[in-house]
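A quick write-up on the structure given underneath.
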């Protein structure tokens with residue numbers, strides 16, 4: 001099994017025939033893979049320090065900027081490379097093997113870009129921001145979690161206030177991953193003071209537009225380099241910084257599918273990295289015992305099979321997204337939204353199970369933090385996957401939808 005291969009291979013009809021734009025696209029993808037590998041080497045070198053010090057992976061992001069990977073999904077007419085979501089998913093998968101925090105931050109940044117590209121592409125202010133991201137390799141963060149309730153991102157307490165020809169916003173942003181390191185923040189808010197909590201807009205603020213007052217720190221079990229602290233966010237700008245479409249469309253069409261697929265690829269990457277470490281342990285143990293397999297070798301088979309399943313889950317959902325990517329109505333359909341949410345749930349649960357199996361493969365060598373076969377960091381990081389975006393909340397919210405859905409009559 002090659003854990004470095006693409007999650008989704010191009011369809012036969014998409015593969016180059018030896019000339020023209022198809023061949024150019026294939027060359028571009030090879031170059032993209034090489035650029036990604038350059039970043040992954042740097043990210044892996046500093047992953048231990050990022051985890052120990054609970055700090056932003058600055059070396060990896062310097063490499064991402066140098067390789068110009070932050071703006072690849074921006075359309076070419078705005079200075080980007082017009083990459084597909086499948087390209088971003090592959091990058092998240094590879095970075096997940098190298099440094100979990102780097103991959104997760106990259107995934108969140110790309111979800112922000114997807115929202116801007118789809119819903120702000122024809123709006124002058126947001127077009128200018130997209131050009132800046134592509135040209136200057138700016139890093140975008142999102143702020144959708146608010147107050148003590150936390151997880152309901154489809155309701156906002158703080159409203160946009162309109163005064164003196166501009167807008168203001170003050171919100172208790174209890175989780176803003178890498179907020180202090182970002183160059184801009186996309187935040188949800190109530191449309192106005194008299195709007196209901198569910199009538200939300202998405203606003204883009206540049207770093208000079210806002211201040212962050214610390215509310216709560218980030219001393220977490222894993223994903224320590226995401227620096228997901230909480231802040232009082234105070235921002236001011238112009239009304240044109242509000243994306244023209246309501247968040248009730250942005251959320252299902254862009255935020256949910258891109259986030260869930262990029263996150264899932266990140267977790268799959270963490271699992272793949274653990275499988276590779278378990279493979280190295282089994283080979284090492286067999287060489288030093290006359291070819292006898294270690295006691296946990298059966299768990300390696302199980303972990304390998306589960307990783308194949310996990311990659312298949314992501315690939316299937318990614319294909320489904322790509323088929324309807326240009327159809328906003330189809331993207332918002334209950335059946336598709338349920339599939340995207342269940343992809344997140346299934347991917348996170350499988351990734352945790354895979355890493356746990358690799359820990360049993362490596363035994364005490366995997367349990368130790370000072371071993372070359374340690375699984376500790378991968379396990380701590382992957383445990384965030386069913387918790388930070390709660391699987392229980394997702395499954396509870398989907399219960400009604402699942403009751404209305406018919407049981408499939410066939411495999412396809």
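Numbers below:
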{"quantity": "Selected residue (criterion: farthest from residue 274 (Cα to Cα)) from residues of region 316-371 that are touching a residue at least 60 places away in the same chain (Cβ under 8 Å) and assigned to a loop (DSSP other than H, G, I, E, B)", "calculated": "332"}
{"quantity": "Lone qualifier among 141, 114, 193, 155 - being surrounded by 15 or more Cβ atoms within 10 Å (Cβ to Cβ), more than 15 Å from residue 228 (Cβ to Cβ), touching a residue at least 12 places away in the same chain (Cβ under 8 Å) and in contact with a strand residue (DSSP E or B) (Cβ under 8 Å, 6 or more places away or on another chain)", "calculated": "155"}
{"quantity": "Out of 40, 34, sole residue that is without any contact (Cβ under 8 Å) to a residue 40 or more places away in the chain, part of a helix (DSSP H, G or I) and not assigned by TED's automatic domain parsing to the domain that holds residue 184", "calculated": "34"}
{"quantity": "Residue match in region 179-194 (condition: in a loop (DSSP other than H, G, I, E, B), over 19 Å from the mean Cα position of the chain (by Cα), at pLDDT 95 or above and closer than 24 Å to residue 329 by Cβ)", "calculated": "yes"}
{"quantity": "Test: residue 388 is in a loop (DSSP other than H, G, I, E, B), closer than 30 Å to residue 117 by Cβ and either at pLDDT below 95 or in the same structural domain as residue 280 (by TED's automatic domain parsing) (or both)", "calculated": "yes"}
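Condition check ((1) out of contact with any strand residue (DSSP E or B) (no Cβ under 6 Å at 6 or more places or on another chain); (2) assigned by TED's automatic domain parsing to the domain that holds residue 384; (3) not in a helix (DSSP H, G or I)) across all residues:
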| position | (1), (2), (3) |
| --- | --- |
| 235 | no, no, yes |
| 262 | yes, yes, no |
| 270 | yes, yes, no |
| 278 | yes, yes, no |
| 286 | yes, yes, no |
| 295 | yes, yes, yes |
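The values are calculated or read from the model by the stated rules, or taken from the named source; none is laboratory data. All values reported here derive from a predicted model rather than from experimental measurement. In this analysis, Cβ positions are derived from the backbone assuming ideal geometry, glycine residues included, and neighbour counts consider all displayed protein chains.
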